[in-house]
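A quick write-up on the structure given underneath.
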Amino acid sequence: MALGSLDTNSRENTRITLGLLEAVGSGKAPTQRGLAVDLRIALGLVNVYLKRCVKKGLVKVSQAPARRFAYYLTPQGFAEKSRLTADFLAWSLTFFRQAKESCGSVFDQAHALGWRRIVLVGSGDLADIARICATDRGLVIVAIVDPDAANSSAGGPPLLPGFDAIGDDFDGVIVTDLTGRRHLRASTEHAVGRQRILTPSLVPSPSPAGEVNR
């Protein structure tokens, strides 16, 4: 099934799985901590995905020195990586166009409100595109808040677990979380108030269960 026909949670699962398979298949012996930073997910979630890939026969694990583990792609894993790459590229072109239009529209709203310094809530592909759109409009992304992602700056705005480290040196918040985490939306509203939050049309409503299907 092509990614364009999958829901947001399924696309996020596919993105993480593909990134993991690419990292394991690179031959660079990535650590779980390194994978967490590269994939912008929590360390514990890396372990969940690795176990899932091993169970599906996509990845093989073996004992390495110093009580470490080495991961290898199986032939089935190489085939799955190729399939996911083709699907993901097809979806990415469509997603980029939709995301750029959606972010552009919400940043026009922010500009009309007099906002100049913005915090994004939710890391990932939409946040990356939002950063591009913000620069085009002369807006500054102060930080990206995501308590479930590994802390990293990666040469851009800091990725933070919450608003405590930001203070009040920003005008408003743009939601860029595509996973529908109710707890993230609720904590954001509690921290800044609903009147300081804008949401692109591409962002789904928080899921009833408040969690992503992993």
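The values are calculated or read from the model by the stated rules, or taken from the named source; none is laboratory data. What you are looking at is a predicted structure, and each value in this text was computed from that prediction instead of being measured. Every residue, glycine among them, receives a Cβ derived from its backbone with ideal geometry; neighbour counts consider all protein chains shown.
Listed here are the residues, each with its yes/no results for (1) crowded, with 21+ Cβ neighbours inside 10 Å; (2) outside any helix (DSSP H, G or I); (3) at pLDDT below 85; (4) not assigned by TED's automatic domain parsing to the domain that holds ASP38.
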site	(1), (2), (3), (4)
ILE118	yes, yes, no, yes
ALA149	yes, yes, yes, yes
GLY156	no, yes, yes, yes
GLY167	no, yes, yes, yes
THR188	yes, no, no, yes
PRO204	no, yes, yes, yes
SER207	no, yes, yes, yes
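Look through LEU139, LEU126, LEU58 and report the one residue that is surrounded by 13 or more Cβ atoms within 10 Å (Cβ to Cβ), touching a helix residue (DSSP H, G or I) at 6+ places or on another chain (Cβ under 8 Å) and assigned by TED's automatic domain parsing to the domain that holds SER26. Steps first, answer last, please.
Numbers: LEU139 fails: assigned by TED's automatic domain parsing to the domain that holds SER26; LEU126 fails: assigned by TED's automatic domain parsing to the domain that holds SER26.
Step by step, each of LEU139, LEU126, LEU58 is checked, and only LEU58 is surrounded by 13 or more Cβ atoms within 10 Å (Cβ to Cβ), touching a helix residue (DSSP H, G or I) at 6+ places or on another chain (Cβ under 8 Å) and assigned by TED's automatic domain parsing to the domain that holds SER26.
Tally the residues that are in contact (Cβ under 8 Å) with a residue 24 or more places away in the chain and part of a helix (DSSP H, G or I), restricting the search to region 11-32.
Going through region 11-32 one residue at a time, the tally reaches 13.
Scanning region 1-30 for residues that are among the hydroxyl-bearing types (Ser, Thr, Tyr) and exposed (fewer than 13 other Cβ atoms within 10 Å of the Cβ), which turns out modelled with the lowest pLDDT?
Here is the first cut: in region 1-30, the residues among the hydroxyl-bearing types (Ser, Thr, Tyr) are 5, 8, 10, 14, 17, 26.
Applying the additional criterion that residues be exposed (fewer than 13 other Cβ atoms within 10 Å of the Cβ) yields 5, 26.
Numbers: SER5: 41, SER26: 84.
If we take residues in region 1-30 being among the hydroxyl-bearing types (Ser, Thr, Tyr) and exposed (fewer than 13 other Cβ atoms within 10 Å of the Cβ), then SER5 is modelled with the lowest pLDDT.
Taking ASP87 as meeting all but one of (1) in a helix (DSSP H, G or I); (2) more than 28 Å from THR176 (Cα to Cα), write down the number of the exception.
Among (1) in a helix (DSSP H, G or I); (2) more than 28 Å from THR176 (Cα to Cα), ASP87 violates only (2).
Could you pull out the residue among ARG33, ARG11, ARG15 that is among the charged types (D, E, K, R) and over 16 Å from PHE88 (Cβ atoms)? Let's see the steps before the verdict.
Values: ARG11 fails: over 16 Å from PHE88 (Cβ atoms); ARG15 fails: over 16 Å from PHE88 (Cβ atoms).
Residue meeting the stated conditions: ARG33.
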